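Chemist: Dumping the structure here so I can ask a few things about it.
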Amino acid sequence: MTKINISYPEDKIRQSRERLNSVYEKRKYLDRIPIQVGLQTNYFLNLRGVSFLEYINDAKAQVYHQIMNVKWRLENIEEDFLTRKVIGLSPDFQNIGIAANFNGTKVIWDAKNPPVIEKFINDVEDLRKLKLPEVTDGICGEKIKMMYEMQEEIKNYSVTLNGEGIECIISVPGTEGPFTDALDLVGGELLLWLYEYPEDVKILMELLTTGLINFEKYIRKLCPNKRKGISITSDGAEMISPQMFKEFVLPYNEKIFNEFPEYNEF
């Protein structure tokens, strides 16, 4: 049995929860703006001297390092990260979701950096041949498999908060975003294709959007805890104009949000 204790003032959990609830429910600040620092996995791994290859290796490694990352975060950063006595863990392959499900995609694994997809679509004809992958293909299938493995691995842990047991919930992470996935597949040429092949790009966006919705619905049936709403990203869209964002990004994000209306955010 692996024992890990996290030291964190419990009154801060209550304060953080009240700050967030005040903003989301009452639309006003309680005492100050809630703060959750935008730090990603590689930040904590680098601090702890752990390579991405070690971390991403298997379910055992991900369970251990995710708990240790949370422990370091809570004990060293002043923020409103923890709002209840629960730690969420999930298979973490970074931002290579639906895009890495297409047959033939190649993932580049690196010890110091998050994995990325090697450029997959070289010309518009390749784009036109794409077919929607199954939700259990590629990386998404690996996430589902690892979720079950992590659920078994966590049984070998005793995680405590100030000496008292704290729950660790294992689930499958949500989606990235269709525009981000499109950039993963096409690369920088996508920005030119918005002008040259706008209708083909829209077909690609529609395909990726459907893939994201299908995967989210599928994993919601698998996860033991109810998932509330959805959060997606549009990394890369900051490089296009507001007008193009409204044409090539917003309609597809809204389609995803409309499928999961409980709560959403960009």
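The values are calculated or read from the model by the stated rules, or taken from the named source; none is laboratory data. Values in this document were obtained by computation on a predicted structure and should not be read as measured data. For neighbour counting, all protein chains shown are included, and Cβ atoms are generated from backbone atoms with ideal geometry for every residue, glycine included. In case anyone asks, the SASA skips ligands and DNA or RNA and just uses the protein heavy atoms, side chains included. Shrake-Rupley method; radii C 1.70, N 1.55, O 1.52, S 1.80 Å.
Chemist: Just one of 192, 208, 204, 212 is open to solvent by 30 Å² or more (accessible area, probe 1.4 Å), not small (Gly, Ala, Ser) and not in a loop (DSSP other than H, G, I, E, B); which is it?
Modeler: 192
Chemist: Go through (1) open to solvent by 50 Å² or more (accessible area, probe 1.4 Å); (2) within 17 Å of the chain's Cα centre (by Cα) for residue 219 and report which single condition fails.
Modeler: Tallying (1) open to solvent by 50 Å² or more (accessible area, probe 1.4 Å); (2) within 17 Å of the chain's Cα centre (by Cα), residue 219 fails exactly one: (1).
Chemist: Moving on. Quick check: anything in region 14-35 within 25 Å of residue 157 (Cα to Cα) and of a type outside the set (S, T, N, Q)? Show your work before the answer.
Modeler: First, pick out the residues of region 14-35 that are within 25 Å of residue 157 (Cα to Cα): none.
No; the residues of region 14-35 include none that is within 25 Å of residue 157 (Cα to Cα) and of a type outside the set (S, T, N, Q).
Chemist: Considering only region 133-158, how many residues are under 16 Å from residue 4 (Cβ atoms), touching a residue at least 40 places away in the same chain (Cβ under 8 Å) and open to solvent by 10 Å² or more (accessible area, probe 1.4 Å)?
Modeler: 5
Chemist: Kindly list the number of the only condition in (1) in contact with a helix residue (DSSP H, G or I) (Cβ under 7 Å, 6 or more places away or on another chain); (2) farther than 24 Å from residue 74 by Cβ; (3) in contact (Cβ under 8 Å) with a residue 60 or more places away in the chain that fails for residue 162.
Modeler: (2)
Chemist: When you check residue 8 against the structure, is it within 19 Å of residue 87 (Cβ to Cβ), assigned to a helix (DSSP H, G or I) and of a type outside the set (Gly, Ala, Ser), yes or no?
Modeler: Against the criterion (within 19 Å of residue 87 (Cβ to Cβ), assigned to a helix (DSSP H, G or I) and of a type outside the set (Gly, Ala, Ser)), residue 8 does not qualify.
Chemist: Out of 28, 112, 71, I need the residue that is in a loop (DSSP other than H, G, I, E, B) and in contact (Cβ under 8 Å) with a residue 40 or more places away in the chain. Which one? Break it down stepwise before answering.
Modeler: Working: 28 fails: in contact (Cβ under 8 Å) with a residue 40 or more places away in the chain; 71 fails: in a loop (DSSP other than H, G, I, E, B).
Step by step, each of 28, 112, 71 is checked, and only 112 is in a loop (DSSP other than H, G, I, E, B) and in contact (Cβ under 8 Å) with a residue 40 or more places away in the chain.
Chemist: Quick check on residue 260: is it open to solvent by less than 60 Å² (accessible area, probe 1.4 Å), on the phi < 0 side of the Ramachandran plot and modelled with pLDDT under 90?
Modeler: The answer is yes for residue 260.
Chemist: Looking at region 56-78, can you tell me whether even one residue there is in contact with a Cys (Cβ under 6 Å, 6 or more places away or on another chain) and either closer than 29 Å to residue 156 by Cβ or among the hydrophobic types (A, V, I, L, M, F, W, C) (or both)?
Modeler: No, the conditions are met nowhere in region 56-78.
Chemist: Can you pull out the residues in region 108-120 that are in contact with a strand residue (DSSP E or B) (Cβ under 7 Å, 6 or more places away or on another chain) and crowded, with 18+ Cβ neighbours inside 10 Å?
Modeler: 117
Chemist: Looking only at region 5-30, count every residue that is open to solvent by less than 60 Å² (accessible area, probe 1.4 Å) and over 27 Å from residue 168 (Cβ atoms) and tell me the total.
Modeler: So the answer is 1.
Chemist: Something else about it: Would you be able to tell me the number of residues in region 31-66 that are assigned to a helix (DSSP H, G or I), open to solvent by 70 Å² or more (accessible area, probe 1.4 Å) and under 24 Å from residue 233 (Cα atoms)? Let's see the steps before the verdict.
Modeler: So the first thing to find is which residues in region 31-66 are assigned to a helix (DSSP H, G or I), and the list is 41-47, 52-55, 59-66.
Retained after the next criterion (residues that are open to solvent by 70 Å² or more (accessible area, probe 1.4 Å)): 43, 46-47, 53-54, 60, 64.
The next check asks that each one be under 24 Å from residue 233 (Cα atoms); those that pass are 43, 46.
The number of residues fulfilling the criteria is 2.
Chemist: Separate question: Could you grab me the full set of residues in region 228-247 that are over 16 Å from residue 176 (Cβ atoms) and either open to solvent by less than 70 Å² (accessible area, probe 1.4 Å) or at pLDDT below 80 (or both)?
Modeler: Of everything in region 228-247, those that are over 16 Å from residue 176 (Cβ atoms) and either open to solvent by less than 70 Å² (accessible area, probe 1.4 Å) or at pLDDT below 80 (or both) turn out to be 228, 240, 241, 244, 245.
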